[in-house]
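The values are calculated or read from the model by the stated rules, or taken from the named source; none is laboratory data. All values reported here derive from a predicted model rather than from experimental measurement. Here the Cβ positions follow ideal geometry from the backbone for every residue, glycine too, while neighbour counts run over all protein chains shown. Only protein heavy atoms, including side chains, enter the accessible area calculation; ligands, DNA and RNA are left aside. Shrake-Rupley method; radii C 1.70, N 1.55, O 1.52, S 1.80 Å.
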Amino acid sequence: MVDLETLAALDGLLWLRTGEAAAEKLALSQSSVSRRAKQAQTIFGVCSQKIDGEWDLLSDAFLLNAERSVHQMARWKGLAPLRLEASYWWRPLITDPPPAGWMVGLCDIVGVPRNLELLRLGIVDAWVGPMPDAPAAHDPEFISLPLSAMPVHCVVTPSHPLLRQGALTFEDLTAYPSLALPEGAYPQVEAALKNIGLWSSPMRMQRYDFKKWEGRSETELTIGYATAMSLELLGGSMVKLPLSLPLESGDALVLKRGFAERPQVTPLLERFQEPLRAMKQRWPEIRLLC
């Protein structure tokens, strides 16, 4: 068995990507993070490698995962801060300052698979994930507690030719590239947008990067997507197209089912309510579900 900080150093690198970010979150020096992460790898007989900018383990981690379960339970018992990951718009809009008793990640991980993997391994304790791709009600492993729902809009720059075209159809949009992520990042969103001819210009993005996402719509004729949450961050730099997408988004708090009744969950949901209500006052299209 290893102490909480030693395993946190290794998992901090896997979760937060860099020694600098892990050191800041864990209140350790970068050298301490590096040293403790190496100690944990030696103890559990695992090795790591950075692949496409992300740290990953290259060997069997049975003993490590068993130890993670012990440390996760220790966090739920209050021996260390719980760990929360979320969509990128949550960090400036909802989780700053962090909820009491929780450490908030960088909120920049793109796609459902990686976030669920972090939850599954016990590296992260809760994730605010986007609907409709958060785990369904019948999921045997995870529970999703709905927080909000809102429409999804197609957005373009104020000078985009589509805004001068008058009445629009989805077929009109296919004349321009539309943002897309690698297959499987958000499967239900991908399927809904492909069904109407969108999601046509994929690009690799494992961590949210404004320049690679909304920035492409600002500098090119690419069609992007936005909800009230992301429009809040964009200011007036993007304009909604006058079309209703057959797609609704929103957010849900996702946890392992075994932790859904822990006493920290209700205060966390209550902490989210005030900033969500403030968002709804500015954006009436948001529906609150918690």
Problem - Residue check, Pro140 in a loop (DSSP other than H, G, I, E, B), more than 25 Å from Glu190 (Cβ to Cβ) and not basic (Lys, Arg) - result: no
Handout entry: In the range 24-50, residue modelled with the lowest pLDDT [restricted to those that are touching a Ser or Thr at 6+ places or on another chain (Cβ under 6 Å) and crowded, with 16+ Cβ neighbours inside 10 Å]
Key = Val46
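Per-residue answers, yes or no, for (1) under 23 Å from Leu268 (Cβ atoms); (2) among the aliphatic types (A, V, I, L, M):
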{"position": "Ala9", "(1), (2)": "no, yes"}
{"position": "Ser48", "(1), (2)": "no, no"}
{"position": "Ser69", "(1), (2)": "yes, no"}
{"position": "Gln72", "(1), (2)": "yes, no"}
{"position": "Leu82", "(1), (2)": "yes, yes"}
{"position": "Arg91", "(1), (2)": "yes, no"}
{"position": "Leu106", "(1), (2)": "yes, yes"}
Practice task
Just one of (1) open to solvent by 10 Å² or more (accessible area, probe 1.4 Å); (2) modelled with pLDDT of 95 or more trips up Tyr88, so point out which.
Solution key: (2)
Practice task
Could you please tell me which pairs satisfy a Cβ distance under 8 Å, a separation of 6+ or placement on different chains, a first residue in the range 1-19 that is farther than 12 Å from Ala37 by Cα, and a second residue that is among the β-branched types (Val, Ile, Thr) and not in a helix (DSSP H, G or I)?
Solution key: Trp15/Ile123; Trp15/Val124
Completion exercise
Of the listed residues (Leu268, Leu276), the one being modelled with pLDDT of 95 or more, within 18 Å of the chain's Cα centre (by Cα), more than 29 Å from Ala192 (Cα to Cα) and crowded, with 18+ Cβ neighbours inside 10 Å is Leu268
Problem - Options Leu106, Leu64, Leu14; residue that is outside any helix (DSSP H, G or I) and either open to solvent by 70 Å² or more (accessible area, probe 1.4 Å) or at pLDDT below 95 (or both) - result: Leu106
Problem - All positions within the range 169-201 that are assigned to a loop (DSSP other than H, G, I, E, B) and either within 29 Å of Met279 (Cα to Cα) or among the β-branched types (Val, Ile, Thr) (or both) - result: Thr169, Thr174, Leu181, Ala185, Tyr186, Ile196, Leu198, Trp199
Fill in the blank from the handout: Checked Ser249, Ser217, Ser230 against criteria (at pLDDT 95 or above, polar (S, T, N, Q), touching a strand residue (DSSP E or B) at 6+ places or on another chain (Cβ under 9 Å) and crowded, with 20+ Cβ neighbours inside 10 Å); the one match is Ser249
Practice task
Just name the residue that is modelled with the lowest pLDDT out of those in the range 171-213 that are under 28 Å from Glu85 (Cα atoms), of a type in the set (Asp, Glu) and open to solvent by less than 80 Å² (accessible area, probe 1.4 Å).
Solution key: Asp209
Practice task
Report yes if Leu63 is in contact with a Phe, Trp or Tyr (Cβ under 7 Å, 6 or more places away or on another chain) and touching a residue at least 12 places away in the same chain (Cβ under 8 Å), otherwise no.
Solution key: yes
Fill in the blank from the handout: Every listed condition ((1) under 18 Å from Val124 (Cα atoms); (2) open to solvent by 10 Å² or more (accessible area, probe 1.4 Å)) holds for Pro97 save (1)
